[in-house]
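Note sheet for the following structure.
The values are calculated or read from the model by the stated rules, or taken from the named source; none is laboratory data. If you're wondering where the values come from, they're calculated on a predicted model, not measured in any experiment. So basically every Cβ, Gly included, is an ideal-geometry build from the backbone, and we count neighbours across all protein chains shown.
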Amino acid sequence: MDAQSDPSFHREARGSSFPSPHGTGLPSSMALLVIAVALVACADQPTATQPRPTPTAAAVTTSAPEPDYPLTITDDEGTAVVIERRPERIVSLTPGTTEILYAVGAGDRVVATTDADDYPPEAVPLPDVASFGSVDLEAIVELEPDLVLAGGNQYTPSEAIGRLRDVGVPVLVIYAPSVDAVLTDVELIGRAVGRAAEAQALSEQMRSEIDALSAAVADLPRPRVFYEIDASVGVFGPADGSYLAEMIGLAGGDPITTGSALSFEIDLERLVAADPEVIVLGDAAFGVTPAQVAARPAWDQMTAVRQGAVRAVDDKLVTRPGPRLARGLRSLILAIHPDARLP
């Protein structure tokens, strides 16, 4: 999921890849979180529940035809973009698109990324030409790219996209506000870079793993779950109908949302009344602990706090729209259902 539609589904502000919640009331301090690297306890699950390796499509063959160039592709904002030849110099402006490029076998053609790109390791040393909400246009033009992958919902500012297009640089805007849209974007990116078969195989593998994980918890009780995006200035969680609420549902939980499709801030009174049975700390990588949650005024009234069901996840895996999405779902399931038997 790296340029998408809410703080959970485009938290490039925290190094994830879903769309930024511009105008949705997220605290400005969130933009500082790009410097952090998420390391959480889910990596220590027993062998039976260890996440599988990041999917790649190198060994899978499909019938998807490789494109002929020049190629016209309609991006996620509805713009028809002409790609004259197979891209050999690609700039990726979201961590999610970077991961997809490497997973479909086009990583060796990526010449620059953002300062939030931390995976795969091969991408880390590449030049940084963007930060959350800002782009170094001069640096990009000097690299002479034949394709730029940008983030939608103003993750990559529309002014920057327009200026790149004005000087003849093809820019595809990627914006996936749902799990299905992430899989569609994997295939779109694959077509754009001449790796259609590999991208289709990757998309199918991701779908298979996501479906299997969701099926494994389909008959389990569905506890009320609050996913904490941030609580440093107010309390922020999933908006109604958001990608993050969808992920919680796939993971076998009943998502507690803000009551608005446009805002990610939830009133504490509403949260206490909803009485979460599980609290998932998406902000755990930034120092938030269950003990800190329990010490907050009024939070000890919630069932999750009283019963010790406050658990950490790797937020980047859960919210970054890329090839590790099934791993994110697995970690979210284990936060909600620690004893779940997963494939």
message: Restricting to the range 175-186, give me the number of residues that are modelled with pLDDT of 95 or more, among the hydrophobic types (A, V, I, L, M, F, W, C) and either buried (at least 24 other Cβ atoms within 10 Å of the Cβ) or within 15 Å of Ser92 (Cβ to Cβ) (or both).
response: 2
query: Which condition number does Asp44 fail, the rest of (1) modelled with pLDDT of 95 or more; (2) of a type in the set (Asp, Glu); (3) out of contact with any Ser or Thr (no Cβ under 8 Å at 6 or more places or on another chain) being met?
result: (1)
message: Among (1) aliphatic (A, V, I, L, M); (2) buried (at least 24 other Cβ atoms within 10 Å of the Cβ); (3) within 22 Å of Ala309 (Cβ to Cβ), there is one condition Ile189 misses while meeting the rest; what is its number?
response: (3)
- line: When (1) over 26 Å from the mean Cα position of the chain (by Cα); (2) small (Gly, Ala, Ser); (3) exposed (fewer than 14 other Cβ atoms within 10 Å of the Cβ) are applied to Gly287, the one that fails is (1)
- prompt: Do we have Leu244 as under 24 Å from Asn153 (Cα atoms), touching a strand residue (DSSP E or B) at 6+ places or on another chain (Cβ under 7 Å) and of a type in the set (A, V, I, L, M) here?
  reply: yes
- prompt: Restricting attention to the range 103-116, which residues are free of Cβ contacts under 8 Å to residues at least 40 places away in the same chain and within 19 Å of the chain's Cα centre (by Cα)?
  reply: Gly107, Thr113
field: Number of the exception - Gly328 against (1) under 24 Å from Gly241 (Cα atoms); (2) of a type outside the set (D, E, K, R); (3) in contact with a strand residue (DSSP E or B) (Cβ under 7 Å, 6 or more places away or on another chain)
entry: (3)
query: What is the one condition in (1) modelled with pLDDT of 50 or more; (2) of a type outside the set (A, V, I, L, M); (3) in a loop (DSSP other than H, G, I, E, B) that Thr24 does not satisfy?
result: (1)
statement: Among helices (runs of 4 or more DSSP H) entirely within the range 93-174, at least 3 residues that are of a type in the set (Asp, Glu), surrounded by fewer than 22 Cβ atoms within 10 Å (Cβ to Cβ) and in contact with a strand residue (DSSP E or B) (Cβ under 7 Å, 6 or more places away or on another chain) occur in none
- prompt: If you go through the range 203-214 one residue at a time, do you hit one that is buried (at least 22 other Cβ atoms within 10 Å of the Cβ), in contact with a helix residue (DSSP H, G or I) (Cβ under 9 Å, 6 or more places away or on another chain), at pLDDT 95 or above and of a type in the set (Val, Ile, Thr)?
  reply: no
